[in-house]
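Heads up: the structure comes next, in structure tokens.
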Amino acid sequence: TEFVSANDLSSLMDVSVNDVIKVCMQLGMFVSINQRLDAEAITVIADEFGYNVEFITSEDEQALEDTIADDEADLIERAPIVTIMGHVDHGKTSLLDYIRNANVTAGEAGGITQHIGAYSVKTEGGRMVTFLDTPGHEAFTAMRARGAKVTDVVIIVVAADDSVMPQTKEAINHAQAAGSPIIIALNKIDKPGANPDKVREELAQMNILVEEWGGKYQSQEVSAKTGQGIPDLLEKVLLEAELLELKANPDRQAVGTVIEASLDKGRGYVATVLVQTGSLKIGDVVLAGAHYGRVKAMTDHRGKKMKEAGPSTPVQLLGLDGAPQAGDKFLVMESEREAREIASNRSQVQREQSLRTRKHITLDEIGRRL
Ligand code: GTP
Ligand code: MG
């Protein structure tokens, strides 16, 4: 959980930490730079500097805690959420395309995934799997880091005609940090230059030893082009998911994560969200990051209208008053007024933070010119 230290507080107020410590001493509090301050101390100190402190209760954290408190009897099995990660051009989107029998790559500008997409897929055995695609571009590191947190299983794609690359390592690190099980997909096995053993060797060097070599990581040779090995890959994903015994309560207010959001000229703000627990319904009041709204319409990734979206379901929704950021939590609230208040508090904080950043940039620039 987050906390505010004397140092944090000083930068929030744009004063030196020494001044904060001085004021604390005058108030009879002896604090060190990185010491955690409680709410009362923060209020008193900020007041000395002419600031009013408002504490924003983290509704989404509370809701997530409630989730954990769900009665075991209310929980039912939910589909695994699988994120496909890996280096640029190693075939993440192609793999997902093959899996869902569509073709997004052809329509994408420059072939680079522009954003995280979310799709629900039914396997041959009739089981549902939810997939998240992530962009390979470096600028999206932060989003990928967030992507790893909503996910149950991570597929790391490595092109067998290439090598373990910096972003392969980064993706593995993210998955490990999030504690998600990893499955290795050795892709492009159809290519004449494919050398999966070389990739296995490189993975072994970073302590990712695959099962065939006596390690604990499942791996699968695949081709996103011919489809070779993809049913086996899916089976391995389901096997991994089974071990996790994933459950959620569909009969509660929805909580989940924003995957992407943008302004559509015709439809207004469109947000793709992933429901993680509960069920999202038309008419629900949703708080998502610094935005809120009443759900006007919902569609699946093929544009089919939906009335309700249960656990592990990705859905596009209309009705928010702005575009929340990828990775923001969303939750359904009873009171529209409360949702509006929290959203407006959060946008206030965001505005102030961006003003502060801009100010620093300007000072930096001046410094450079001197
Ligand atoms: P970014 O989203 O840009 O990070 O790339 P990506 O990992 O999603 O890769 P993408 O699916 O766009 O594939 C990159 C290129 O590799 C495309 O030209 C694909 O057609 C090709 N490709 C992907 N998988 C395979 C495969 O299994 N075999 C062959 N021969 N080509 C493949
Ligand atoms: Mg892609």
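The values are calculated or read from the model by the stated rules, or taken from the named source; none is laboratory data. On a predicted model such as this, the values are computed, not experimentally measured, just so you know. All Cβ positions, even for glycine, are placed from backbone atoms using ideal geometry, and neighbour counts span all protein chains on display. All accessible areas refer to the heavy atoms of the entire protein, side chains included, with ligands and DNA or RNA removed. Shrake-Rupley method; radii C 1.70, N 1.55, O 1.52, S 1.80 Å.
Using the structure shown, list the pairs from LYS305/LYS329; LYS92/LYS265; LYS188/LYS236; LYS188/LYS216 with a Cα-Cα distance above 27 Å, or answer none.
Values: LYS305/LYS329 23 Å; LYS92/LYS265 29 Å; LYS188/LYS236 18 Å; LYS188/LYS216 23 Å.
Correct reply: LYS92/LYS265.
For the range 247-336, what is the accessible area per residue in Å², given a 1.4 Å probe and the full set of protein chains?
Values: 3770 Å² over 90 residues.
Here the per-residue accessible area is 42 Å².
How big is the charge dipole of the range 263-349 about its Cα centre, in debye rounded to the nearest 20, if each Lys and Arg gets +1 on its Cβ and each Asp and Glu gets -1 on its Cβ? Each step should come with its number before you reach the end.
Working: 13 positive and 10 negative charges, 73 e Å.
The calculated dipole for the range 263-349 is roughly 360 debye.
Stretched out fully, how many nm does the piece from THR299 to SER347 gain, at 0.36 nm a residue minus the Cα gap?
Details: separation 48, 0.36 × 48 = 17.28 nm, distance 2.70 nm.
Full extension from THR299 to SER347 adds 14.6 nm.
Please give the net charge around TYR119, taking every other residue with its beta carbon less than 13 angstrom from that of TYR119, where Lys and Arg add +1 and Asp and Glu add -1. Display every interim value, and only then the final one.
Details: positive: LYS92, ARG100, LYS122, ARG302, LYS304; negative: ASP97, ASP133, GLU260, ASP300.
Value of the local net charge: +1.
Only sites in a loop by DSSP and with at most 12 other Cβ atoms within 10 Å count here; which trypsin sites (Lys or Arg not before Pro) in the range 273-306 make the cut? Can you show the working numbers first?
Values: sites: LYS281, ARG294, LYS296, ARG302, LYS304, LYS305; in loops: ARG302, LYS304.
Those satisfying the criteria are ARG302, LYS304.
Report ASP47's accessible area, 1.4 Å probe, all protein chains in place, as a number in Å² to the nearest 10.
Approximately 100 Å² of ASP47 is accessible to the 1.4 Å probe.
Can you tell which of PRO181, MET165, GLY214 lies farthest toward the positive end of the dipole of the range 156-220, using +1 and -1 charges on the Cβ of basic and acidic side chains (Lys, Arg; Asp, Glu)?
So the residue we want is PRO181.
What percentage of all Cα-Cα pairs in the range 212-277 are separated by more than 17 Å?
Values: 1455 of 2145 pairs.
The calculated P(r) of the range 212-277 puts 68 percent of pairs beyond 17 Å.
Probe radius 1.4 Å, ligands and nucleic acids ignored: give me the carbon and sulfur share of the accessible area of the range 204-248 as a rounded percent. Spell out each step's value before the answer.
On the way: 1220 of 2550 Å².
Roughly 48 percent, rounded to a whole number.
Quick one: go through the range 237-256 and flag any residue whose amide nitrogen is under 19 Å from the point 7 Å out along the Cα-to-Cβ line of GLU77.
237-251
What figure in square angstrom, to the nearest 10, would you give for the accessible area of ASP8 with a 1.4 Å probe?
Around 60 Å² of this residue is reachable by solvent.
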